[in-house]
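Novice: My questions will all concern the structure given below.
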Amino acid sequence: MNKPAVAITLSMIGLILQTVALLFELFVAFTFSSLTLITFGPFIIVHSLALFVLGLIVIIIGTAGIYFMSKGYKGDVFVGSLLEIVASIFAYPTLFGFFIGSFLMFSGGIIGLFWAPLKDV
């Protein structure tokens with residue numbers, strides 16, 4: 001059974017960047033724990049448990065999307081692609097995976113939406 005390899009690969013790299021961005025955010029938040037509000041470029045990092053939980057939810061949704069896309073069935077790939085797109089859009093708590101992570105996940109989701117399995121001859 002064939003799978004959308006490009007979509008899966010792009011989404012996996014994006015998910016790794018999302019995870020690294022969340023770990024970076026945790027590092028910054030705990031390093032400067034005396035501050036309650038930290039600005040990092042256009043982002044505001046708040047030392048908040050809810051923010052970290054939301055970041056973990058984004059990573060879980062992205063992982064589920066990759067799982068569904070790796071099944072190789074058209075319907076599962078479609079669902080997984082939608083999950084990747086949703087995760088990439090709602091990835092603000094993880095700094096958008098340093099922007100490139102969300103872009104890769106979004107691109108992988110779009111490619112997965114248009115993927116069609118090869119016909120057996």
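The values are calculated or read from the model by the stated rules, or taken from the named source; none is laboratory data. Just so you know, these numbers come straight off a predicted model, no measurement behind them. Positions of Cβ are generated from backbone atoms using ideal geometry, with glycine treated the same way; all protein chains shown enter the neighbour counts. Side chains are part of the model used for accessible areas, which takes the heavy atoms of the whole protein and leaves out ligands, DNA and RNA. Shrake-Rupley method; radii C 1.70, N 1.55, O 1.52, S 1.80 Å.
Novice: Quick one: in region 36-72, of everything that is of a type in the set (S, T, N, Q) and at pLDDT below 95, which residue is farthest from the chain's Cα centre (by Cα)?
Specialist: Only one residue tops the list, namely Thr36.
Novice: Examine region 109-120 for a residue that is free of Cβ contacts under 8 Å to residues at least 24 places away in the same chain, open to solvent by 10 Å² or more (accessible area, probe 1.4 Å) and part of a helix (DSSP H, G or I), and state whether such a residue exists.
Specialist: No, because not a single residue in region 109-120 is free of Cβ contacts under 8 Å to residues at least 24 places away in the same chain, open to solvent by 10 Å² or more (accessible area, probe 1.4 Å) and part of a helix (DSSP H, G or I).
Novice: Just give me the residues in region 78-91 being over 14 Å from Thr9 (Cβ atoms) and touching a residue at least 40 places away in the same chain (Cβ under 8 Å), in sequence order.
Specialist: If the condition is that a residue be over 14 Å from Thr9 (Cβ atoms) and touching a residue at least 40 places away in the same chain (Cβ under 8 Å), then Ala87, Ser88, Ala91 are the ones that fit.
Novice: Given the conditions (1) modelled with pLDDT of 90 or more; (2) more than 21 Å from Pro4 (Cβ to Cβ), report the number of the one that Thr31 does not fulfil.
Specialist: Condition not satisfied by Thr31: (1).
Novice: Among the residues of region 72-105, what is the count of those that are open to solvent by 70 Å² or more (accessible area, probe 1.4 Å), closer than 19 Å to Lys3 by Cα and not aliphatic (A, V, I, L, M)?
Specialist: 3
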